[in-house]
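*Asks:* Before anything else, here's the structure in question.
The values are calculated or read from the model by the stated rules, or taken from the named source; none is laboratory data. Since the structure is predicted, the reported quantities are computational estimates derived from the model, not experimental observations. Cβ placement follows ideal geometry from the backbone for every residue including glycine, while neighbour counts extend to all protein chains displayed. The protein model used for the area step is the full one, side chains on, heavy atoms only, and it has no ligands, DNA or RNA in it. Shrake-Rupley method; radii C 1.70, N 1.55, O 1.52, S 1.80 Å.
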Amino acid sequence: KLQSVEEELGDTLSRLPWMLAQARIAFLMGEDRQAWSWMQAADKASIIPHGFLTSFLDELSASEDWARLQEWLVRLAPLFSNHRKEPLHEYADYWNTFVQHVPEAEETMWHTLAGMLPYSKEVYEDTLLAHEKWRLWMDVQLSSGKDPLEFRVSVLAPIEKQAPELLLPF
């Protein structure tokens, strides 16, 4: 039906919803490569609503299809980079849920979030803190010229307690 609609409507076809529908159908059929292809084409045409992006992650997370979820998290990273902070926090939450179930994939999460920089800076820092990656968090702060007075005591207190030596250069 979608292909016949393209022929029928021609130039009057609203391309973004049409491409997103194609991506959804490919996803439901388990044809992820085709779905990603449609998503990339749609992303070139316009910014894809973040609710549409998270719908894939919701479904895979709910069904606990961890291998497929990891692929979707990695593939959707560039599309989430187009959005503001809040969707990036939601995106990071999917990674955190995934890593709780598949701890050996944590390195992939760090690589993906770092690859989204500078868009993911706040989310990357928050995730480093949540995972108690004190040294990496401190490296980010030092390299970006942050001042210790810019942080609440509650942010620095766990570092002071667990790795006080890291605060010395700060």
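*Asks:* Return the lysines within reach of LYS44: Cα separation strictly under 23 angstrom, same-chain partners fewer than 8 residues apart disregarded; answer none if there are no such residues.
*Replies:* Reachable lysines: LYS85.
*Asks:* Still on this structure, I have one more. Just the number, please: carbon plus sulfur as a percent of the accessible area of the chain, 1.4 Å probe, no ligands or DNA/RNA counted.
*Replies:* On the way: 5200 of 9990 Å².
The nonpolar share, carbon plus sulfur, comes to 52 percent.
*Asks:* Further question: Per residue of the chain, what 222 nm ellipticity follows from adding -39500 (n - 2.57) for every DSSP H run with n ≥ 4, rounded to the nearest 500?
*Replies:* On the way: 10 runs with 121 residues, N = 170.
That comes out to -22000 deg cm²/dmol.
*Asks:* Restrict the search to the stretch 72-170; then list the trypsin sites (Lys or Arg not before Pro) that DSSP places in a loop and that have at most 10 other Cβ atoms within 10 Å of their Cβ.
*Replies:* Numbers: sites: ARG75, ARG84, LYS85, LYS121, LYS133, ARG135, LYS146, ARG152, LYS161; in loops: ARG84, LYS133, LYS146, ARG152.
Here the trypsin sites (Lys or Arg not before Pro) that fit, given the DSSP loop and packing criteria, are ARG84, ARG152.
*Asks:* Next question, about the same structure. For the stretch 80-151, what does the relative contact order come out to in percent, with C-alpha contacts under 8 Å and a separation of six or more?
*Replies:* For the stretch 80-151, the relative contact order is 27 percent.
*Asks:* Of all the Cα-Cα pairs you can form in the stretch 101-157, what percent are over 14 Å apart? Don't skip to the end; give the middle numbers.
*Replies:* Working: 944 of 1596 pairs.
Considering the stretch 101-157, 59 percent of its Cα-Cα pairs are separated by more than 14 Å.
*Asks:* Would you kindly calculate the mean projected area, averaged across all directions, of the convex hull enclosing the Cα atoms of the stretch 72-130, in square nanometres?
*Replies:* 3.5
*Asks:* Assuming a viscosity of 1.306 mPa s and a temperature of 10 °C, what translational diffusion coefficient in µm² per second does Stokes-Einstein assign to the chain, Rh being the Kirkwood radius over Cα pairs?
*Replies:* Numbers: Rh = 18.0 Å.
This corresponds to a translational diffusion coefficient of 88 µm²/s.
*Asks:* Okay, next question. Can you give the accessible area per residue of the chain, in Å², using a 1.4 Å probe?
*Replies:* On the way: 9990 Å² over 170 residues.
That works out to 59 Å² per residue.
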